[in-house]
Amino acid sequence: MAKKVSKKSKVKKVLPPTPHRAGIKPPKLDAKQIPNHVAIVMDGNGRWAKQRGLARTAGHEAGEKALVDIVHGAIEIGVKELSVYAFSTENWRRSPEEVKFLMGFNRQVIHNRRDELNGLGIKIRWVGREKKLWASVLNELKEAEQLTKNNKVLTLNMCINYGGRAEMLDAAVAIAKDAVRKKIKPDALSEKSISKYLYAPSMSDVDLFLRSSGEQRTSNFLMWQSAYAEMVFMDVLWPDADRRTLWKAIETYAERERRFGKA
Ligand code: FPP
């Protein structure tokens with residue numbers, strides 16, 4: 001006879017985020033002042049390394065800690081979706097050594113961190129283009145997605161080999177193919193139906209778009225999804241960022257008036 005499994009024992013235990021090492025707590029804000037989806041351009045690793053006379057790759061390595069701390073801080077403050085730009089479709093233009101490093105590093109970070117992220121109840125999702133992406137990185141991402149697919153605390157979109165224009169181009173090609181096959185009627189297309197052709201159809205619109213390093217550009221990140229995002233540019237190099245950087249950006253966001261085209 002099959003063993004009876006009580007409902008209780010089936011429920012996965014979710015670990016709370018680790019508090020900030022100095023015991024700093026998130027700012028007290030109303031739930032409606034907290035962005036649901038935060039997109040982050042983790043910029044400034046190279047400059048951080050240069051300032052210290054180190055190789056650019058050392059800056060990327062130091063950036064892992066910042067990302068993990070921000071993930072913990074995002075859960076603490078109540079963000080539900082976090083998208084990070086870990087490798088863009090344009091990053092292939094960097095030196096072969098740096099590209100090789102970044103691919104291997106992404107693979108390693110996903111592999112080494114997936115159990116910690118899973119324990120926190122995080123759903124890992126890869127967002128990007130398959131063409132050119134290293135198969136070993138893709139495999140690692142698929143494994144992490146499978147492991148974490150039922151998690152509900154926060155969705156972490158790992159944007160690897162991602163570009164906003166590439167995403168729109170790939171969507172346009174798929175739409176055109178479906179139109180030729182008479183699967184869709186061009187006149188019936190809507191903004192909602194276009195979203196279904198994007199890399200992650202269930203991704204929500206970006207509320208807060210955060211970029212570190214003082215640069216004020218979006219660099220082709222989540223162009224469609226960030227149409228009405230609030231932009232916050234922080235003057236900190238990515239390896240020096242931590243959850244306080246995110247919380248400060250959220251405080252700025254909370255002061256903004258979002259009108260979405262209304263008067
Ligand atoms: C931008 O800094 C950073 C990247 C292109 C890499 C993405 C971030 C990381 C590798 C850190 C987190 C780790 C993972 C795997 C998510 P840059 O190199 O453009 O810096 P610069 O503008 O100072 O040259």
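The values are calculated or read from the model by the stated rules, or taken from the named source; none is laboratory data. Note that the structure is a prediction, hence the values are computed from the model and not measured. Positions of Cβ are generated from backbone atoms using ideal geometry, with glycine treated the same way; all protein chains shown enter the neighbour counts. Accessible surface areas use protein heavy atoms only, side chains included; no ligands, DNA or RNA. Shrake-Rupley method; radii C 1.70, N 1.55, O 1.52, S 1.80 Å.
Here are the numbers for the structure shown:
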read-out: Extension gain from Arg93 to Ser204, taking 0.36 nm per residue of separation minus the Cα-Cα distance; value: 37.0 nm
read-out: Tyr228, Tyr197, ranked by accessible area, largest first (probe 1.4 Å); value: Tyr228, Tyr197
read-out: For the chain, built as a Gaussian network whose Cα springs stay under 10 Å, the top-fluctuating residue of Asp115, Asp207, Asp187; value: Asp187
read-out: Cα centre as origin, Lys/Arg/Asp/Glu Cβ charges: segment 75-209 dipole, Debye; value: 600 debye
read-out: Rounded to the nearest 20 debye, dipole of segment 193-263 from Cβ charges on Lys, Arg, Asp, Glu; value: 260 debye
read-out: GNM result for the chain, Cα springs below 10 Å: residue of Ala166, Ala227, Ala144 fluctuating most strongly; value: Ala227
read-out: Solvent-accessible area per residue, Å², over the chain with all protein chains present [probe radius 1.4 Å]; value: 57 Å²
read-out: Heavy atoms of Val68 accessible to a 1.4 Å probe, total area in Å² rounded to 10; value: 20 Å²
read-out: Size of charge dipole - the chain - debye, nearest 20, with Cβ of Lys, Arg +1 and Asp, Glu -1, no other charges; value: 1140 debye
read-out: Relative contact order of the chain, pairs being alpha-carbon contacts under 8 Å that are 6 or more residues apart, as %; value: 27 percent
read-out: Heavy atoms of Glu76: accessible area, 1.4 Å probe, square angstrom to 10; value: 60 Å²
read-out: Unsatisfied cross-links (Cα-Cα over 24 Å) in the set Lys100/Lys131; Lys80/Lys177; Lys132/Lys177; Lys183/Lys262; Lys152/Lys183; value: Lys80/Lys177; Lys183/Lys262; Lys152/Lys183
read-out: Portion, in percent, of the accessible area of the chain that falls on carbon or sulfur, probe 1.4 Å; value: 53 percent
read-out: Accessible area in the full protein assembly, largest first, 1.4 Å probe, for Trp134, Trp48; value: Trp134, Trp48
read-out: GNM result for the chain, Cα springs below 10 Å: residue of Ser204, Ser193, Ser226 fluctuating most strongly; value: Ser193
